[in-house]
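A.B. asks: I'd like to ask some things about the structure below.
Please treat every number below as a calculation from the coordinates, not as lab data. Keep in mind that this is a model prediction, so the values were computed, not measured. Here the Cβ is made from the backbone with ideal geometry for all residues, glycine too, and neighbour counts use every protein chain on show.
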């Protein structure tokens, strides 16, 4: 009898492995559903924000955007500014060769940061190239495990061309400058910055008219046809005329030179756009299929950058990371104690389709409403989800901006030892549309 049981368990093991291997070759069912956000628009539309509300939103956004030019000072909280310090001293992680990082290397990085001298500067500058904002003054990555790609823990964010910054510090080599804005701290290559005079800062901060691109496909060139930057959804451009924008260049002395260049006005939306669910759907559609980029790596978007760039068009200035976005304002409903079906009922009754975000640890998604089958639908930029059973869990790749249910790859979950779905992991919903109304009405 014992031999029979052992044989049965062995057969079951190989069946499980074989079955799992076959399943991995199958596509994720959610990715076969329609990826057209317009198909999920609700019948009931949200009310239109007034011109006064939009003006207040715009004023609030530009105040935060231009904060480095409006009297911002270096943050004195060294522990907050250099939060990465502890990981340079312990839990070193792995480098690009997937071998453990050499403590000598991380100690050198720490020394090069010259933290005791911070802040060593308070210079205004503007970003003249889409740039990585690094947690350390180094281009090398740090993965928490050998299989940690693409999550380079030293990659903070990407910062757009044209963003005002305050330079607060330099590393020992002066290759990297530590910059500060309302949404991100970190190290940027100095050659990607142009230093701004007080007069230039005052002039730029007084500009009233702006546009944002309708897609990521356009190239912005100067009057000679030389490349300036890639147009991207969520990137702010200052209007110089009805068909011209201001562009920024770094001179040989590191200072800013401002020029004009011609654009096609039809390829841009006047900033800010009045919020509508249809307009959100159009931005989502423009980004569907864009590849995942942790912290903006490879000039792509992760989950929070996807949310931030969409809502920037409506003059909602969002923080950089998913936790801060989920907890911004006072319009959250906690869902952590509910079952998946209970969570969906709360969403259907309380969340604004195309205007609310769902937060779970390490991820954020844009709630679109429900599909024809009555399932909650989201749009998000995601790397992968896990599913499996007692035999083990596998990673199922989403790989970028997609529309899914709250249960992608759940078909590959077994009865026992299953991976938690996104819906099971959702902690709260935050209604950003209502938050916009609060800011517009100056309730925030």
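A.B. asks: Go through 74-81, 139-146 and give me the packing order, highest mean Cβ count within 10 Å leading.
C.D. replies: Details: 74-81: 12.5, 139-146: 16.0.
Listed from highest to lowest mean packing, they are 139-146, 74-81.
A.B. asks: Quick one: compute the contact order of the chain, relative version, from alpha carbon pairs under 8 angstrom and 6+ residues apart, as a percent.
C.D. replies: Working: 896 pairs, mean separation 71.6, N = 444.
Relative contact order here is 16 percent.
A.B. asks: For residue 91 and residue 372, what is the calculated FRET efficiency with R₀ set at 35 Å and r taken between the beta-carbons, to the nearest 0.05? Could you put the intermediate results ahead of the total?
C.D. replies: Numbers: r = 47 Å, r/R0 = 1.35.
My answer for the efficiency is 0.15.
A.B. asks: Which distance in Å, rounded to a whole number, links the C-alpha centroids of segment 307-324 and segment 223-241?
C.D. replies: Centre-to-centre distance over Cα atoms comes out at 21 Å.
A.B. asks: Applying 1/(1 + (r/R0)^6) with R0 = 41 Å to the Cβ-Cβ distance of residue 415 and residue 274, what FRET efficiency is obtained, to the nearest 0.05? List each step's numbers first, then the result.
C.D. replies: Details: r = 49 Å, r/R0 = 1.19.
So the FRET efficiency works out to roughly 0.25.
A.B. asks: Need one number for the chain: average projected area of the convex hull over its C-alpha atoms, nm².
C.D. replies: Directional mean of the projected Cα hull area for the chain stands at 25.2 nm².
A.B. asks: Please give the calculated 222 nm ellipticity per residue for the chain, where each DSSP H segment of at least 4 residues contributes -39500 (n - 2.57) and the sum is spread over every residue; nearest 500 deg cm²/dmol? Please report the intermediate quantities before stating the final value.
C.D. replies: Values: 12 runs with 115 residues, N = 444.
After summing the helix terms and dividing by residue count, I get -7500 deg cm²/dmol.
A.B. asks: If you don't mind, another one. Separation between the residue 222 and residue 361 pseudo-spin-labels, each 7 Å from Cα along Cα→Cβ, expressed in nm?
C.D. replies: 5.0 nm
A.B. asks: Would you mind ranking 83, 187 so that the residue whose beta carbon has the fewest other beta carbons within 10 Å leads the list?
C.D. replies: Working: 83 13, 187 26.
Neighbour counts put them in this order, fewest first: 83, 187.
A.B. asks: Find the centroid of the Cα atoms in segment 357-384 and in segment 37-73, then give the distance between the two in whole Å.
C.D. replies: Going from one Cα centre to the other spans 22 Å.
A.B. asks: Evaluate the distance, in nm, between pseudo-label points positioned 7 Å from the Cα of residue 424 and of residue 45 along their respective Cα→Cβ axes.
C.D. replies: The two pseudo-label positions are separated by 4.0 nm.
A.B. asks: Something else now. Sorting check: for 147-155, 425-433, which peptide has the highest mean count of neighbouring beta carbons within 10 Å, and how do the rest follow?
C.D. replies: 425-433, 147-155
A.B. asks: Using a/c under 1.5 as the rounded threshold, could you call segment 58-136 rounded, prolate or oblate? The axes a ≥ b ≥ c are square roots of the C-alpha gyration tensor eigenvalues, and prolate needs a/b larger than b/c, oblate otherwise. Mind dumping the intermediate values first?
C.D. replies: Working: a/c = 2.67, a/b = 1.92, b/c = 1.39.
Prolate shape, in that a/c is at least 1.5 and a/b is the bigger ratio.
A.B. asks: Name the residues of segment 412-431 whose amide N is less than 20 Å from a point 7 angstrom out from the Cα of residue 338 along the C-beta direction?
C.D. replies: Output list for this probe position: 420-431.
A.B. asks: Given points 7 Å out from each Cα along the Cα-Cβ axis, report the residue 260 to residue 102 separation in nanometres with one decimal.
C.D. replies: 5.4 nm
A.B. asks: For the chain, give the share of DSSP beta bridges that are antiparallel, in percent and rounded to the nearest 5; count only bridges with both residues there. Please list the in-between numbers first.
C.D. replies: Details: 70 of 72 bridges.
Antiparallel bridges make up about 95 percent of those DSSP assigns within the chain.
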